Amino acid sequence: MKEITLQMQELARELLQKGEVNVVLGWEKGTFWYLSPPAFVDKPEDVERLVYDDYCHHNLSKYLMDYRYQEGKVAVFLKGCDSRAFNILLEDNQLEREKYVLIGIPCPGMKDQEKAKEFGVNGDIPLAKKCQECKYPNPLVYDYFLGDKKAADEAAATKEAKAKEYSDVEQMEKMTSDEKYDFWSSQYERCIRCYACRNVCPACNCRECIFDQSRTGWIGKANNASENQFFALTRAMHVAGRCIECGECERACPMHIPIMLLNKKLIKDINELFGEYDAGVKVDGVLPLGHFDKNDPEEFM
Amino acid sequence: MMKIIAKERLPEVLQLLAKDYNVLVPAKFEGVSRFTPYSADVELALEENVLMPPKDIFFPQTEKMYKFKAKDKSLEIEELPVEKEEQLIFGIRSCDLKSLECLDQVFLTKGYVDHFYKDKRDRTALIALSCLQPQEACFCGSMGVDPQNGVGADIQAYDLKDKIGFKAISAKGQEILEKISGLLAEEEVTIPTFGEFNLKADIEGVPEKLQGMFDHPLWADICRKCLNCGACTYVCPTCHCFDIDSEVRGEDGVKIRCWDTCMFGEYTQMAGGHNPRPTKKERVRNRFMHKLRYFPERYKMLLCTGCGRCVVKCPVNLDITAIIKKIKEAE
């Protein structure tokens, strides 16, 4: 990863020096050794801030929405999941492809930050759960590719061939309705509605979110189990078919709510009901829930 | 000489106090620690400060203010029953005591008393607990807080590793200590030395310097990674903004007040559509200006206690100590 870091800095310097882009979005070291938060580099002399290490969790594609109406191009580093996020944003007509210089980097999986904090710098830190289950570690869309493409492709092929990991969802499906209700109520009772999950999510790209429409009465300001669950379920249903499994919602949640379990349940259902589908892998306008076809059977109508 | 008890016998003290008070203790459930009503099966979390600050004990995230009935042109207002139960918080840390001092300024001074807050504050006794070690994101020392001696507690308890020592501070504290004195022994003790802070912030001159920095380019830079979520403000022990709303069903309604946050765009959205803080630059600037300049100007104290919760919980590591450093270094 050290080598990729040097290549990142080199390419960023070149793009900025030539004036091809105004800003490069990457990662830099944060307050603690296990944090590599987003970095925004706009001067060639600052490129040495950029790093690529085991903690570059942040999905940078969402930030591209901040540059939609600004002049000039933006370069961004994309791991596998970040590239799926970019595709979803394209699919949702949020971004123009030509405005962004995409620099793909292979991802060996990011490490669990909570465990890193617990085990210390010399500990044997496992990959984050979302990364253990990842099927697309390589960027699926890019203008440049850094690192060893052949080795990366081989690693990705093994992961892609594996069956999807749904054991946690299956465990939940075994619960009775009452047990499910109790489980999710207790999870969402502690939700503080900070909306970190929504704001970090690339599939949450509405111009105005339903939860910000305070005068419509869709959702009240009160924090209670009912409103919180309404928030959770509405968001889960809205990102269904567009969730690219970056797991950022769950990582960003300050209250340890297993948000990805809800998202994965919907991904599993979509796969069972509409055939195999991974969001953000292709940009072809054919979405399981967002695509209109007049030959669709409407048996329930 | 100090009154002490072995740490493993602390539940006996809490049990005894629970006869007279609703005792709130630090406890952890599913990865989130907060002050929780004491019962025999609650597992105490005394190793580090709680994630959720005590502010919601005095200023709940959602609080019912009054009920009303609106029919034709008549309006009836019904006051809600007032809680009378005496409360006691065990294990509040120095940084969080400092946060109560900040909240007191807002809710009790300058000619306005918020009776919702005051009522809870008046019937809550505080037993502070000294810290043995700073956590990696703690920087209270830089904010003028002594992690081993809180200000404003009724009793200061000392973490003596295998024992807990108690020292009464107020008359109320003396009274409480007498209730539990049968369980306590008297001993000469040495308070363990506190470790070195991992995080520091040099706040000297920052409030004054910020007076001339409203239009500084620094804000456009530091805001870029902010997600504008409310995690930092909701885990903050001092952030105290709220919004008042009604829940109405037919003729009946309840007025509620709920935490709000300057990080949300909707927070400054005005009738007619204008928003004076339209982007994250203005919102991020407001958060740090409020903590480090406006509050000190109004109340002569910082609105940050160095508890480190926002540093731990910000999903993008927007670290207030790093911001303070940038302000110091800015030209």
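The values are calculated or read from the model by the stated rules, or taken from the named source; none is laboratory data. Here the structure is a predicted model, which is why all the values come from computation and not from measurement. Cβ coordinates were reconstructed from backbone atoms using ideal geometry, including for glycine residues, and neighbour counts include every protein chain displayed.
Structural remarks
- Helices (runs of 4 or more DSSP H) enclosed by the stretch A:141-248 - at least 2 residues per element that are under 30 Å from B:LYS225 (Cα atoms) and not assigned by TED's automatic domain parsing to the domain that holds A:HIS58: A:177-189, A:196-200, A:225-239
- Any hit, the stretch A:73-91, residues being within 24 Å of A:ASP124 (Cα to Cα), within 14 Å of another protein chain (Cβ to nearest Cβ) and either assigned to a loop (DSSP other than H, G, I, E, B) or aliphatic (A, V, I, L, M) (or both): no
- Condition broken by A:GLU189, with the remaining ones in (1) touching a helix residue (DSSP H, G or I) at 6+ places or on another chain (Cβ under 7 Å); (2) within 22 Å of A:ILE244 (Cα to Cα); (3) surrounded by fewer than 16 Cβ atoms within 10 Å (Cβ to Cβ) satisfied: (2)
- The residue that is nearest to the chain's Cα centre (by Cα), counting only those in the stretch B:272-291 that are buried (at least 22 other Cβ atoms within 10 Å of the Cβ) and of a type outside the set (Lys, Arg), is B:PHE288.
- Scope the stretch A:236-255; condition within 13 Å of chain B (Cβ to nearest Cβ) and either at pLDDT below 95 or in contact with a helix residue (DSSP H, G or I) (Cβ under 6 Å, 6 or more places away or on another chain) (or both); matching residues: A:CYS246, A:GLY247, A:GLU248, A:CYS249, A:GLU250, A:ALA252, A:CYS253, A:PRO254
- Residue in the stretch A:141-150 that is at positive phi and touching a helix residue (DSSP H, G or I) at 6+ places or on another chain (Cβ under 6 Å) present: yes
- Among the numbered conditions (1) of a type in the set (Phe, Trp, Tyr); (2) away from chain B (no Cβ under 13 Å); (3) surrounded by 19 or more Cβ atoms within 10 Å (Cβ to Cβ), the only one that A:PHE230 does not meet is (3).
- Some residue of the stretch B:86-102 being more than 14 Å from chain A (Cβ to nearest Cβ), small (Gly, Ala, Ser), touching a Lys or Arg at 6+ places or on another chain (Cβ under 9 Å) and surrounded by 21 or more Cβ atoms within 10 Å (Cβ to Cβ): yes
- On the stretch given as the stretch A:1-54, residues that are under 26 Å from B:CYS314 (Cβ atoms), part of a loop (DSSP other than H, G, I, E, B) and among the hydrophobic types (A, V, I, L, M, F, W, C) total 5.
- Failed criterion for A:PHE211 (all others in (1) within 11 Å of another protein chain (Cβ to nearest Cβ); (2) in contact (Cβ under 8 Å) with a residue 60 or more places away in the chain hold): (2)
- Pair list, Cβ < 9 Å and 6+ apart or interchain, from the stretch A:289-301 residues that are not assigned by TED's automatic domain parsing to the domain that holds A:ILE270 to residues that are surrounded by 10 or more Cβ atoms within 10 Å (Cβ to Cβ) and of a type in the set (Phe, Trp, Tyr): A:LEU289/A:PHE274
Yes/no per residue for (1) surrounded by 20 or more Cβ atoms within 10 Å (Cβ to Cβ); (2) of a type in the set (Asp, Glu); (3) assigned by TED's automatic domain parsing to the domain that holds A:GLU208; (4) over 30 Å from B:ASN198 (Cα atoms):
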position	(1), (2), (3), (4)
A:LEU16	yes, no, no, yes
A:GLU28	no, yes, no, no
A:TYR34	yes, no, no, no
A:LEU50	yes, no, no, no
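- Residues that are loosely packed, with under 14 Cβ neighbours inside 10 Å and either outside the structural domain of B:GLN133 (by TED's automatic domain parsing) or closer than 22 Å to B:GLN133 by Cβ (or both) within the stretch B:155-184 comprise B:LYS161, B:ASP162, listed in sequence order.
- One residue stands out in the stretch B:36-52 among those that are within 23 Å of B:TYR234 (Cβ to Cβ) and of a type in the set (S, T, N, Q): the one that is farthest from the other protein chains (Cβ to nearest Cβ), namely B:ASN49.
- Members of the stretch B:269-293 that are assigned to a loop (DSSP other than H, G, I, E, B) and at negative phi: B:GLN269, B:MET270, B:ALA271, B:HIS274, B:ASN275, B:PRO276, B:ARG277, B:PRO278, B:THR279
- Flag: A:LYS43 matches the condition of being under 25 Å from B:ALA220 (Cα atoms), within 14 Å of chain B (Cβ to nearest Cβ) and either among the charged types (D, E, K, R) or in contact (Cβ under 8 Å) with a residue 40 or more places away in the chain (or both).
- The stretch B:111-145, subset without any contact (Cβ under 8 Å) to a residue 60 or more places away in the chain, part of a loop (DSSP other than H, G, I, E, B) and not acidic (Asp, Glu), residue nearest to B:ILE169 (Cα to Cα): B:ARG123
- Qualifying positions in the stretch A:249-281 - closer than 26 Å to A:PRO38 by Cβ, of a type in the set (Gly, Ala, Ser) and not in a helix (DSSP H, G or I): A:ALA279, A:GLY280
- Complete set of residues in the stretch B:254-268 that are more than 8 Å from chain A (Cβ to nearest Cβ), out of contact with any strand residue (DSSP E or B) (no Cβ under 7 Å at 6 or more places or on another chain) and either in a loop (DSSP other than H, G, I, E, B) or in contact (Cβ under 8 Å) with a residue 24 or more places away in the chain (or both): B:CYS262, B:MET263, B:TYR267
- Flag for B:GLU208 being of a type outside the set (Gly, Ala, Ser), touching a strand residue (DSSP E or B) at 6+ places or on another chain (Cβ under 7 Å) and surrounded by fewer than 20 Cβ atoms within 10 Å (Cβ to Cβ): no
- So B:PRO237, is it surrounded by 14 or more Cβ atoms within 10 Å (Cβ to Cβ) and either assigned by TED's automatic domain parsing to the domain that holds B:VAL50 or in contact with a strand residue (DSSP E or B) (Cβ under 9 Å, 6 or more places away or on another chain) (or both): no
- Filtering the stretch A:161-186 to residues that are within 14 Å of chain B (Cβ to nearest Cβ) and surrounded by fewer than 18 Cβ atoms within 10 Å (Cβ to Cβ) leaves A:ASP182, A:PHE183, A:SER185, A:SER186.
- Residue check for B:ALA271: at the interface with chain A (Cβ under 9 Å from one of its Cβ atoms), out of contact with any Phe, Trp or Tyr (no Cβ under 6 Å at 6 or more places or on another chain) and of a type in the set (Gly, Ala, Ser): no
- Out of B:PHE29, B:PHE68, sole residue that is on the phi < 0 side of the Ramachandran plot, surrounded by fewer than 18 Cβ atoms within 10 Å (Cβ to Cβ) and either of a type in the set (S, T, N, Q) or modelled with pLDDT under 95 (or both): B:PHE29
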